[in-house]
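Reading through the structure tokens given below for one structure.
The numbers here are math on the coordinates, done by the rules we state, and not lab data. Being a predicted model, the structure only gives us computed values, none of them experimental. Positions of Cβ are backbone-derived with ideal geometry, glycine not excepted, and every protein chain shown enters the neighbour counts.
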Amino acid sequence: MREAEVVTAAGRVLLAHLTDLHVVGDGCDDELHVDNNARLAAAVESIVAESPAVDAVLATGDLTAWGRPADYAKLAELLTPVGCPILPLPGNHDDRDGLRTTFPGVPWSDVEHASWVTTIGDVRIVALDSTLPGKPGAEFDSAREEWLREALGRVHDGPTILALHHPPFRTGIDWMDRSGFLGLDRFTAVVAEHLPDRIVCGHLHRPITTMVGGVPTQVGLSTIEAVHLDLADNPRPRLIIDPVGYNVVAADGPTIVTHTRFVDPENSAFEPSWADLYA
Ligand SMILES: [Fe+2]
Ligand SMILES: [Fe+2]
């Protein structure tokens, strides 16, 4: 009998993909649909408790409610327990300088947009700031096109994950798509030319999977309220309270697998008997 092929975990890189945390600073009097900070704390507690430990936390924007100094102080406090590198990107609710100041260990590129490149194990993460300050939508201007071409064009022996806040495609949820993505065609052309192994993003507040320029693309789920799935033309904006969750991106050589983990303090994992499983 042939032995089963063993897929080794050696060299595997695990990333927790958090997005759209919308953290609120102490003393800020915001009207909230859910307790944003408590829900992030629950996600962080899960990241810390689960085994094996993740190698880094990738946070793809809208990390604060309104980009205030107090919001960033609270964000840093809530993320500290993860005990691994925190790799943040700005979203349309963030402030570039606030993010840079709060996370000085990130290898921020020396450019106006808050983008960076780093490696975790053999995984290269190219993080593109897609924000257009003061607006909800995305912008891919000539400066960012030049930066992205250079970043993706560098030789790298391992998989590449391209991260940005805004989904670089039309999701079909009209009222969210209306925020727009200036330069989307040029972004897609750069992706098709350089073919990173995966694109991860946020902003939509619900998990979505598609292909962009030939690359599998995954929108992560927000830790706060979700956008209601409504694919009708011109729907009313509606939100829905889904469970807290985050993705775990497992990169093992050229294979990248994305898992979704929901977090509910009322429902912890348990071991069934074999009889339960195969009855
Ligand atoms: Fe958001
Ligand atoms: Fe956003």
Residue-averaged 222 nm ellipticity for the chain, from DSSP H runs of 4+ at -39500 (n - 2.57), nearest 500: -6500 deg cm²/dmol
Compactness of the stretch 1-103 as Cα Rg over 2.2 N^0.38 Å, two decimals: 1.30
Relative contact order %, the chain, counting alpha carbon pairs below 8 Å whose residues are six or more apart: 20
Loop sites in the stretch 4-104: GluC sites (Glu not before Pro), DSSP, at most 13 other Cβ within 10 Å: Glu5, Glu31
Relative contact order of the stretch 124-213, pairs being alpha-carbon contacts under 8 Å that are 6 or more residues apart, as %: 37
Point-to-point label distance, Asn267-Ser179, nm (Cα→Cβ direction, 7 Å offset): 2.8
Overall Cα dimensions of the chain - principal axes, largest extent first, Å: 59, 47, 43
Length released on extending from Ala189 to Ala73, taking residue separation times 0.36 nm less the Cα-Cα span: 38.0 nm
Exposed-loop-free span, longest in the chain, where trypsin sites (Lys or Arg not before Pro) count as exposed if DSSP calls them loop and at most 13 other C-beta atoms lie within 10 Å: 3-153
P(r) weight above 21 Å for the stretch 178-259, C-alpha pairs, percent: 41
Nearest-0.05 FRET efficiency for Asp97 and Glu150, computed from C-beta distance (R0 25 Å): 0.60
Whole-number percent relative contact order across the stretch 79-185, with pairs defined as alpha carbons under 8 Å at least 6 apart: 26
Potential extension, Val248-Leu277 segment - 0.36 nm per residue separation minus Cα distance: 7.9 nm
Modelled FRET efficiency - R0 41 Å, Thr118 with Ile240, Cβ distances, 0.05 increments: 0.75
